[in-house]
Amino acid sequence: MTKLRVAVIGAGGIGGAHLRAYAAWPDLCELVGVADIDLALAQTKAAPYAIPAFADYQTMLDECRPDAVSICTPPRLHLPIAQEVARRGIACLCEKPPARTLAETQAIVAAFTDAGVVLQFAFCHRFHEPVRQVQELIAAGKLGKLIQVYNRFGFRFDRAASSWFTDAEVAGGGVLIDTLVHSIDIFRALAGEIVHVDAAVSTTLPVQVEDSASLQVVSATGVIGSLNCSWVTPVSEAEIRVWGTEGEAIIDYATNTGARYHLAGDHDWTVLPFELPDRFVLQAEHFLHCAHGNQPPRVSGADGIAVMHVIEAAYRSAQGNQTLVRP
Ligand SMILES: NC(=O)c1ccc[n+]([C@@H]2O[C@H](COP(=O)([O-])OP(=O)(O)OC[C@H]3O[C@@H](n4cnc5c(N)ncnc54)[C@H](O)[C@@H]3O)[C@@H](O)[C@H]2O)c1
């Protein structure tokens, strides 16, 4: 297989993770460049890979001619950069959230569909081995009929108030679109399409967006989900629990093990192994195979659109239609 030429646009926190992930697959790709309007940052991130750094991503695309890129910029730039990347016929791994709005997400998907070019949204938890293990338990019927899913991603996001993450014009919203977007994608992967959502949000920091959010969702098959995220609670927690009529399973990101499950009649929990690379490395591998034309993306444009439908419904729910318990 010929190696794909891969570049990264946006050299911040997640841009570094993408560079590291591509570097893990030297037989599938070669890194050819990294671009960031902060040239010094791009140079710092490029140095370990001995690749050129650029302050302007279009110059990088002109000079490096990549076959595939990661878009790792703040969400406001996902649409214009994606349109440029699609126009050039370059395969694209676009970070979450897909964009600031459903309309922008649909425009991204349309650009790649029209160009006939591979687009994968970076919902990285699909590639977290314990999530895949629980998907397998569910598909094999081991947990019985799926009843409920609980998820919490909570942590203290110290720099939130001073970053673009709390600027709705750049991010599209707060913790709901930034962090709970993962929860929605994971719920859909485990329980299927969401048909109903009720949302509650709160703001604790001195910011204009929500910094805690809870969603109650229901899938087309009647699975109930409780999805909770916060940027203001001190103990970092990342957990998914799944209950079925015949057993339950837990994904605890704080452990180094795989998922654990407990079936009806079991005395103990069964702990599954987890020895694979991390989710960013596996996500990159899958994207590279898709860009090579070997398979369709496991996280498609349609997934991005479906998730953004839920995000927008959740914001509508949070902003109105609240039923008061007492008038
Ligand atoms: N999948 C995950 O778990 C995960 C984790 C963190 C962030 N993200 C997502 O990744 C994206 C970036 O987040 P981050 O945490 O890396 O943010 P960041 O602020 O650390 O990095 C973003 C970088 O983009 C650069 N940038 C801005 N405009 C640019 C332009 N025109 N051209 C090139 N670079 C430009 C900035 O200078 C900055 O260095 C966001 O969409 C975010 O939601 C995903």
If one builds a Gaussian network model of the chain from Cα atoms under 10 Å apart, the most fluctuating residue listed among Val223, Val271, Val118 is Val271
Between the alpha carbon centres of the range 134-184 and the range 234-286 the gap in Å comes to 16
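Suppose we take every Cα in the chain and form the convex hull; what volume per residue is that in Å³? It would help to have the intermediate numbers written out before the result.
On the way: hull volume 48.7 nm³, N = 327.
Here the figure is 149 Å³ per residue.
Among residues other than Val197 whose Cβ falls under 15 Å from its Cβ, what is the net charge (Lys/Arg +1, Asp/Glu -1)?
It works out to a net charge of -3.
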Given Cβ charges of +1 for Lys and Arg and -1 for Asp and Glu, the option among Val134, Gly10, Val32 whose Cα lies farthest towards the positive end of the dipole of the range 10-140 is Val134
For Leu4, the residues 5 or more places away or on another chain with a placed amide H closer than 5 Å to its own amide H are Cys29, Glu30
Which of Ile37, Ile224, Ile311 fluctuates most in a GNM of the chain (C-alpha springs under 10 Å)? That residue is Ile37
Protection proxy (average C-beta count within 10 Å per residue), highest first, orders 285-291, 259-265 as 285-291, 259-265
Once all protein chains are kept in place, Leu272 shows an accessible area at probe 1.4 Å, nearest 10 Å², of 40
With all protein chains in place and a 1.4 Å probe, Trp25 shows an accessible area in Å² (nearest 10) of 60
Reported to the nearest 10 Å², Phe165 has, with a 1.4 Å probe, an accessible area equal to 30
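The values are calculated or read from the model by the stated rules, or taken from the named source; none is laboratory data. All figures in this text were calculated on a predicted structure; none of them were measured in a lab. For neighbour counting, all protein chains shown are included, and Cβ atoms are generated from backbone atoms with ideal geometry for every residue, glycine included. Only protein heavy atoms, including side chains, enter the accessible area calculation; ligands, DNA and RNA are left aside. Shrake-Rupley method; radii C 1.70, N 1.55, O 1.52, S 1.80 Å.
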